[in-house]
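In what follows, a single structure is set out as structure tokens and then discussed.
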């Protein structure tokens, strides 16, 4: 199939048959959910130990769709996109990729639009969807790989790709990607793809207002949700690291630690007192470069959980180097464990129940967005997507 686009507020895609009638890329991916671990047992689950599968990507750009956030990187992505696309095409020609002029491009104009654009592209037969932007743009595109409110994928064969050009770039740090656009292009044109895990959160679990969201990097609750709200509404003129650090200081000054109840892998419930932040990690970094989960691996089939409890603002300031290096995991007020499923509740109540005041809620963020508050259920979807890299 070929792709043709028309875009107004959202883009629509029509399908036109080509002479060979073939899709340019194919790979297999499981559609079913991973089995739920047996109840009980306090030991950490084992990581997936099978060798990483590397799939060859056909060297054709037919069926490639670039979903571009022109507002990312302070608007520089939109300004530079024509030159960026030309650079990509020239590199593809140099590497003898075919159908270079058949790539489709669509620009987003509002938040969450990338999710709908991705679903539209996949339903029309897109082979590779490339998220061009920051962590938020990538997360929206990942969400679009799944049917709304479901773990079922829109396409069993389509692949994900990413050109990281946003402010934070925390996901790319887990992959040890640089900030150079030329390096991202080189990575895309290597012609290989590898399976990666995706996290899922049900925010407001058990309530009428429950929200189902997937995440590619990190979900968290507590002060981090407030910090994400502050970061999303404040200027990024000083760069990502300083921007998120200042937002963190402001958030810690305002947030009151809460006691949380957690249940991992359907085992026993446990109460953790004075929680500042509980992070459920697929990737290693959040908050503009803080290595919250040094042991996290996006392909090990596990969620790596880090809990900061009893932290004061002074603790945070003194531990700043350790938080960015990952050495904070050895601190007495840091706790880490791995699991496949995690249920989190506020020890003071049901969270989003009727009559609760906003000040009592424990907010949740997923990949920097804040869809709601506890209660929340998290799980990992092992090898859910193929990442071109």
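Annotations for the structure displayed:
- Taking the number of Cβ atoms within 10 Å of each Cβ as an exposure proxy, the fewest-first ranking of 244, 66 is 66, 244.
- Calculated from the alpha-carbon coordinates, region 199-383 shows an Rg and a Dmax of 15.1, 46 Å respectively.
- Once C-alpha pairs closer than 8 Å and six or more residues apart are averaged by separation and normalised to the residue number of region 199-383, the relative contact order reads 32 percent.
- Nitroxide proxy distance, nm - points 7 Å out along Cα→Cβ at residue 271 and residue 87: 5.5 nm
- One Cα centroid belongs to region 241-308, the other to region 74-131; the line between them spans 33 Å.
- Taking packing as the residue-averaged number of other Cβ atoms within 10 angstrom, the listed peptides 177-188, 209-220 run from highest to lowest as 209-220, 177-188.
Here, each number is a calculation from the coordinates, and none is a lab measurement. This structure is a prediction, so every number in the text was calculated from the model and none was measured. Note that we place each Cβ from the backbone using ideal geometry, even for glycine, and neighbour counts take in every protein chain shown.
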